[in-house]
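The values are calculated or read from the model by the stated rules, or taken from the named source; none is laboratory data. All of these numbers come straight from a predicted model, not from anything done at the bench. Neighbour counts are summed over all protein chains in view; Cβ atoms, including those assigned to glycine, are modelled from backbone coordinates with ideal geometry. The accessibility values were calculated without ligands, DNA or RNA, using every heavy atom of the protein model including side chains. Shrake-Rupley method; radii C 1.70, N 1.55, O 1.52, S 1.80 Å.
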Amino acid sequence: MRRPATPDSSRDMLAPVLRDLRAVVFDTDGVITDSAKVHAAAWKEAFDGFLRAHPPQDPDRRRPFDERDDYLRHVDGKSRLDGAEAFLTARGIEASAKTVRAVAADKERLFTERLREHGVEAFPGTVRLAKALRAAGVPRAAASASRHAGELLSRAAVLDLFDVLVDGDEAARLSLAGKPAPDLFLEAVRRLGVPADRAAVVEDALAGVEAGRRGGFGLVVGVDRSAGADTRARLLRHGADIVVDDLGELCTGGAPW
């Protein structure tokens, strides 16, 4: 782990809710990078193709994958296999291991194609917060179930803002349980050398904020980047202590947290 440099400014640049914390763990997709929409589009093409080829008996369950509601409810924050299984099961489809692997592999192919074609950018508010934390001497980790996390952060030119990265490859190597289990986030703070109750988790997924709550983190921040009227309430119900529209709100001059 890279040790933080000596702080060149006080923690006054951070919102009060962050000032007593010793570390912050960020999810990647939808929190650091604007990549959740790329994942959602790839899932939609994979699932819609499967539903056309294997329509459920119930006509109501044949409707196309919804990139907001179905994504948030079934796949956001989860590993590809867990997400594929959750959506197929919700549509009344027998989610055999073979079927789940096939749909997940199709999604992986589609996501990789889109990523290489369009690239990805980091959210300016997240970059601002990460830099403020670094200046204040607060260690930062990025944690994601995605095997692409490191590539995404590198493409967005923000990998060097984080002291630790725990990605899908590391999760598989260590046999970490997927969200809403807190294993991924607990491994991140373990590597930072900070107890969970002195750290914050920042997440945009329902499974992610639930994982932060289960892990006993001192603060769970939900990020609501959707246009849905109920997303904020759902994040709070699943375990977020506060919900922001943009992480720049957690810097001085943002919302009065």
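Dividing the C-alpha radius of gyration of the stretch 176-229 by 2.2 N^0.38 Å, with N its residue count, gives 1.13. At an R0 of 25 angstrom, the distance between the Cβ atoms of ASP66 and ALA233 translates into a FRET efficiency of 0.85.
Under the membrane-span-like helix rule (DSSP H runs whose alpha carbons stretch at least 18 Å along the helix axis, mean Kyte-Doolittle hydropathy -0.5 or higher), the chain yields 36-53. If you take the charge dipole of the chain about its Cα centre, with +1 on Lys and Arg Cβ and -1 on Asp and Glu Cβ, which of VAL221, PRO182, LEU153 is farthest toward its positive end? Toward the positive end, the furthest listed residue is PRO182. Summing Lys and Arg as +1 and Asp and Glu as -1 over all other residues whose Cβ lies under 12 Å from the Cβ of ASP230 gives a net charge of +3. For the set ARG198, ARG190, the ranking by accessible area, highest first and with no ligand, DNA or RNA atoms included, is ARG190, ARG198 under a 1.4 Å probe. Using the Kirkwood formula on the Cα atoms of the stretch 62-148, what hydrodynamic radius do you get, in angstrom to one decimal? Final number for the Kirkwood radius of the stretch 62-148 is 15.4 Å. Annotation: peptides 59-70, 24-35, 155-166, ranked by per-residue average of other Cβ atoms within 10 Å with the highest first, follow the order 24-35, 155-166, 59-70.
Accessible-area rank, largest first, for ARG173, ARG232: ARG173, ARG232, with all protein chains present and a 1.4 angstrom probe. Expressed as a whole percent, the accessible area of the stretch 124-228 that falls on carbon and sulfur atoms is 50 (1.4 Å probe). Note that the chain presents 44 Å² accessible area per residue, ligands and nucleic acids not counted, probe 1.4 Å. Once the other residues with Cβ under 10 Å from the Cβ of ALA177 are scored (Lys, Arg +1; Asp, Glu -1), what is the net sum? Cβ neighbours under 10 Å give a net charge of -1.
Length available on full extension from ARG173 to ALA90: 0.36 nm per residue minus the Cα-Cα distance, which gives 27.0 nm. With N counted as the residues of the stretch 118-189, its alpha-carbon radius of gyration over 2.2 N^0.38 Å works out to 1.14. Using all pairs of distinct alpha-carbon atoms, the Kirkwood hydrodynamic radius of the chain works out to 18.5 angstrom. Per the Cα gyration tensor, the stretch 1-103 maps to an equivalent ellipsoid with semi-axes of 40, 14, 11 Å, ordered largest to smallest.
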